[in-house]
Amino acid sequence: DVDTSNRLTTQTIDVQNGVVRNFVDQDWFTVCVQGPYEVVPNVPNRVVVSFDKCEITWKPPFLTPNADDDDDDDNKKTTNGGIVLDLSVLFDLRAFFNQGNKAGGWLETTFIDQDLRIGRGNRGSLFILTRDQTAVIP
């Protein structure tokens, strides 16, 4: 478990494209995990998420690319002076060992209004989220 109580943590549910995106900002890095979701037919307030992207971006000055580094690692790229480590292959491995099942978990909304959403995850997580009104697209 990672304590994010004093960090910027966002969860975006892109209804138009059917994607959930979680973003956690820490001191030396940020983590972005995302994937498509499907609404569970018999539980309309629950979605099953199949995460397919995981990137960790190390922030400068903690870790910056070396100009002399000739490493052609496809899982490493640079952005904003830091290094992005793409760990998305881990989701492919999980699906392989789960007989092709890509579903990683579910998210259930138990309360929602214009300003607040309370939800639970399949592993007992409790999410209390406020809405960024500037990010809402009617």
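The values are calculated or read from the model by the stated rules, or taken from the named source; none is laboratory data. Keep in mind that what you see is a predicted model, and the values were worked out from it rather than measured. Only protein heavy atoms, including side chains, enter the accessible area calculation; ligands, DNA and RNA are left aside. Shrake-Rupley method; radii C 1.70, N 1.55, O 1.52, S 1.80 Å.
Numbers at a glance
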{"item": "Long-range amide H partners of LEU87 with built H, under 5 Å", "result": "CYS54, GLU55, ILE56"}
{"item": "Probe 1.4 Å, all protein chains present, accessible-area order of LEU126, LEU85, largest first", "result": "LEU126, LEU85"}
{"item": "Amide H partners (placed H, <5 Å) of GLN26, local residues excluded", "result": "VAL31"}
{"item": "Heavy atoms of VAL84: accessible area, 1.4 Å probe, square angstrom to 10", "result": "10 Å²"}
{"item": "Whole-Hz couplings from phi, Karplus 6.51/-1.76/1.60, listed for the range 109-124; x for Gly and Pro", "result": "8, 9, 7, 8, 9, 5, 10, 9, 9, 10, x, 10, x, 5, 9, x"}
